[in-house]
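Peer 1: Please read through the structure below; I'll follow up with questions.
The values are calculated or read from the model by the stated rules, or taken from the named source; none is laboratory data. Remember, predicted model here, so these are calculated numbers, not experimental data. Counting neighbours? That spans all protein chains shown, and the Cβs are built from the backbone with ideal geometry, glycine included.
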Amino acid sequence: MNELSGKIVQDLFKKYYSTVDSFDIRRISNRELAFTAFGKQGMVRHTSFPDMVSLVDYVRNNTPLHFYYSSAYYQNPEASMDNKKWTGADLIFDIDGDHIEGAEAMGYSEMLIAVKGELNKLLSLLTDDLSIDRKNLEIVFSGSRGYHVHVYSIFEGLESQERREIVDYISGRCISSGYRPIAKTRWDERINKVKDSLMQILDSQDRKWRQKIEEATGEMTDNLGKREIKKSEYVERNARQLAVKKFSSRIDEPVTIDIHRLIRTPGSLHGKSGLTVKVVQFEKLDEFDPLNDAIPQTFHDDYEIAITKRISIEFDGEKRELQEGKYVLPAYSSLFAVLKGSAEFVGLAK
């Protein structure tokens, strides 16, 4: 990014933050805040603010490129890690395009749709299996390639090992190897449902039963007869694997396990996209379109940019393939291309 682009990006971010009077941070005085500044290496950490007014004033006067807060609560959030005195942490889940199989071949909007599918599976596991009330859940679009889910109040005191057990449940690892907990879980119901569907194929009179069950499981039957297949581990093993594939959620596991994690601040801007890190209401998740709804209202002036490397841009339901050359685009599209390293600003469109 050249000097002119850096200045325009910072000016756009400053303009946005001048309109923000609050960030969605609960119990702010017990959190560590962290910032990445424009034109500087590293991160400003171990800062704290007594209230929202102080934080907003700081952000308006020190425009951040990236802006984080701790999932943890501390007695002394501004102290070094050894002296912060941890008192608890929110349980946080991160679902990102990097964890989606085949995402590298998808367009931006297609990838975000796939991520939302994983998000919906996670929400089902949290509300149906773990009986977490929606009022204790907060869904946040990360501003780039995924979503965060914050669980408040009920799991604050859990240590990393206990959080790892929750991760094992969400990922289906608790049953994929054949392990069975003492108490029955919803995973048993899911496995039995898949098992019944496989048994229906084996019990049918369909002459193509072998082809159908091999297609369903992705595993060859080695010319075994129906009776031999039923007596083997074939059905049980594949029922577990298929249940995990269909119902588990691909989460960034270290994020959930880490009790000192820094997470992007809802209401801030993502420094690699220019989109808002945005809280999404549970009942409006299906209709939420991040490539429209996360565009800051202050980013609608037109700018001229010079594309230096081919890039695909998808906003407002429109996909544009931009080759090298000069273009006039809305600020949000121009900013996206510049932050991705594929363009430089020329200036405001005349």
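Peer 1: Which ones in the range 273-332 are over 24 Å from Ile113 (Cα atoms) and polar (S, T, N, Q)?
Peer 2: Within the range 273-332, Thr298, Thr308, Gln323 meet the criteria.
Peer 1: Does at least one position in the range 194-206 carry a residue that is loosely packed, with under 14 Cβ neighbours inside 10 Å, of a type outside the set (Ser, Thr, Tyr), modelled with pLDDT under 90 and not in a helix (DSSP H, G or I)?
Peer 2: Looking through the range 194-206, at least one residue is loosely packed, with under 14 Cβ neighbours inside 10 Å, of a type outside the set (Ser, Thr, Tyr), modelled with pLDDT under 90 and not in a helix (DSSP H, G or I).
Peer 1: Could you check the range 314-342 and list, in sequence order, the residues that are free of Cβ contacts under 8 Å to residues at least 40 places away in the same chain and part of a strand (DSSP E or B)?
Peer 2: Phe315, Glu318, Arg320, Glu321, Leu322, Gly325, Lys326, Tyr327, Val328, Leu329, Pro330
Peer 1: Are any residues in the range 207-222 touching a residue at least 12 places away in the same chain (Cβ under 8 Å) and either outside any loop (DSSP other than H, G, I, E, B) or of a type in the set (S, T, N, Q) (or both), and if so, which ones?
Peer 2: Within the range 207-222, Trp209, Ile213, Ala216, Thr217, Thr221 meet the criteria.
Peer 1: Just the residues that are more than 17 Å from Gly117 (Cα to Cα), assigned to a loop (DSSP other than H, G, I, E, B) and without any contact (Cβ under 8 Å) to a residue 60 or more places away in the chain, please, taken from the range 127-153.
Peer 2: If the condition is that a residue be more than 17 Å from Gly117 (Cα to Cα), assigned to a loop (DSSP other than H, G, I, E, B) and without any contact (Cβ under 8 Å) to a residue 60 or more places away in the chain, then Leu130, Ser131, Ile132, Asp133, Ser153 are the ones that fit.
Peer 1: Still on this model: Taking interchain pairs and intrachain pairs at least six residues apart, which have beta carbon atoms under 6 angstrom, with the first residue in the range 223-247 and small (Gly, Ala, Ser) and crowded, with 20+ Cβ neighbours inside 10 Å and the second in a helix (DSSP H, G or I) and at pLDDT 90 or above?
Peer 2: Ala239/Ile191; Ala239/Val194; Ala239/Lys195; Ala243/Arg190; Ala243/Ile191; Ala243/Val194
Peer 1: Run Ala306 past the list (1) in the same structural domain as Pro64 (by TED's automatic domain parsing); (2) at pLDDT 95 or above; (3) surrounded by fewer than 19 Cβ atoms within 10 Å (Cβ to Cβ) and report the number of the one that doesn't hold.
Peer 2: Of everything listed in (1) in the same structural domain as Pro64 (by TED's automatic domain parsing); (2) at pLDDT 95 or above; (3) surrounded by fewer than 19 Cβ atoms within 10 Å (Cβ to Cβ), Ala306 misses just condition (1).
For (1) closer than 30 Å to Ile132 by Cβ; (2) touching a helix residue (DSSP H, G or I) at 6+ places or on another chain (Cβ under 7 Å), each residue gets a yes or a no:
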position: Ser248; (1), (2): yes, yes
position: Pro266; (1), (2): yes, no
position: Gly274; (1), (2): no, yes
position: Glu283; (1), (2): yes, no
position: Phe288; (1), (2): yes, no
position: Lys309; (1), (2): no, no
position: Gly325; (1), (2): no, no
position: Tyr332; (1), (2): no, no
position: Glu344; (1), (2): no, yes
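Peer 1: Out of all the residues in the range 154-181, which are outside any helix (DSSP H, G or I) and either at pLDDT 90 or above or within 19 Å of Asp90 (Cα to Cα) (or both)?
Peer 2: Passing the criteria: Ile154, Phe155, Glu156, Gly157, Leu158, Glu159.
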